[in-house]
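Please read the structure below before turning to the comments.
The values are calculated or read from the model by the stated rules, or taken from the named source; none is laboratory data. None of these values were measured; they are calculated from a predicted model. With ideal geometry, Cβ positions are generated from the backbone for all residues, glycine too; neighbour counts draw on all protein chains shown. Side chains are part of the model used for accessible areas, which takes the heavy atoms of the whole protein and leaves out ligands, DNA and RNA. Shrake-Rupley method; radii C 1.70, N 1.55, O 1.52, S 1.80 Å.
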Amino acid sequence: MNEYLFFADETKPIKTNPYFCFAGFSVTREYYEKVFIQQINALKQKHFGRTDIIFHFTDMKKNRKDFALLLDENKRNSFWNELVQILNSSPIDILGIYFNNDDMTKLYNGSTYSNYDMGFYALLDNYVHYLKHKNAYGQICIESRTFKENAYLQKTFYEYMENGSIFFSQKDANTYLTSLGFTVKGDNCIGLQIADIIPSQLLRYKNNTKKDSYKLAKTLSTKIYRFGTNYESVLGLKNLL
């Protein structure tokens, strides 16, 4: 059985967009370690002269801090076009969930789980379906939050492993899921840096936002699991409300 890595991140609601989105990409461990890391590091070296720069999408799109050189239009166009080209050619699959955060809070106020944890649980179902379809083992990698928040998420993961869900048996969960890992923000994890870009762009795709610089949202949307099928909104990018 192949080994897959799933890198996931979230975007929180803002005034102009009430949706919470928890999403990321899955890729074979072999491709990630032998090809993808090298491609992104080569991109970093070419445009920034170093490979230890950390991609933060908020800073990247505003051309600030380490990305101030992208204020130059030619450099900015070159960088984003090359990054989109890498993503387009890479054998990655995107899975995610989203929901109106205020509506979720109103509907399930008093739940023992946070909105983040509820989103994660739903994401597990889609990831297990994906792994079962691939007949593969899968590890999940998420950016570390507070230790207490990590503990709650880990508890959700272990409960899923122990009980399965209404869709998948305990045997399925233990056959295909292997582990959940947390990485701190300062670590140079290529997978999580790319995952940081995905949730906001998926919301652009779902909201049919006309502005799509460098076709980033369009490119990522074509990588959604079961894209273009009747199951895209069920198994790929799922609205929980």
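Overview of results
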read-out: Qualifying positions in region 110-150 - of a type in the set (Lys, Arg) and closer than 26 Å to Arg29 by Cα; value: Lys132, Lys134, Arg145
read-out: Members of region 227-241 that are open to solvent by less than 70 Å² (accessible area, probe 1.4 Å) and within 16 Å of Tyr98 (Cβ to Cβ); value: Glu232, Ser233, Val234, Leu235, Gly236, Leu237, Lys238, Asn239, Leu240
read-out: Sole residue being free of Cβ contacts under 8 Å to residues at least 40 places away in the same chain and either within 30 Å of Ile86 (Cα to Cα) or acidic (Asp, Glu) (or both), chosen from Thr178, Thr209, Thr183; value: Thr209
read-out: So Thr51, is it polar (S, T, N, Q), touching a residue at least 12 places away in the same chain (Cβ under 8 Å) and either surrounded by 12 or more Cβ atoms within 10 Å (Cβ to Cβ) or in a loop (DSSP other than H, G, I, E, B) (or both); value: yes
read-out: Scope region 54-78; condition in contact with a Leu (Cβ under 7 Å, 6 or more places away or on another chain) and surrounded by fewer than 17 Cβ atoms within 10 Å (Cβ to Cβ); matching residues; value: Asn63, Lys75
read-out: Considering residues of region 192-222 that are charged (D, E, K, R) and within 17 Å of the chain's Cα centre (by Cα) only, the residue nearest to Pro91 (Cα to Cα); value: Lys218
read-out: Breaking point among (1) open to solvent by 10 Å² or more (accessible area, probe 1.4 Å); (2) in a strand (DSSP E or B); (3) of a type in the set (A, V, I, L, M), for Ile97; value: (1)
read-out: Those helices (runs of 4 or more DSSP H) lying entirely in region 125-218 with at least 1 residues open to solvent by 20 Å² or more (accessible area, probe 1.4 Å) and not aliphatic (A, V, I, L, M); value: 147-163, 170-176, 198-206
read-out: Filtered residues of region 122-154 (kept if touching a residue at least 60 places away in the same chain (Cβ under 8 Å) and small (Gly, Ala, Ser)); value: Ala122, Ala136, Gly138
read-out: Residues being assigned to a helix (DSSP H, G or I) and open to solvent by less than 10 Å² (accessible area, probe 1.4 Å) - total across region 1-40; value: 2
read-out: Condition met for Asn88 (at pLDDT 95 or above and either closer than 25 Å to Lys218 by Cβ or open to solvent by 50 Å² or more (accessible area, probe 1.4 Å) (or both)); value: yes
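To keep it simple, each residue is scored yes or no on (1) over 20 Å from the mean Cα position of the chain (by Cα); (2) closer than 30 Å to Gln45 by Cβ.
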{"residue": "Asn126", "(1), (2)": "no, no"}
{"residue": "Ala136", "(1), (2)": "no, no"}
{"residue": "Ser169", "(1), (2)": "yes, no"}
{"residue": "Gly186", "(1), (2)": "no, yes"}
{"residue": "Ile190", "(1), (2)": "no, yes"}
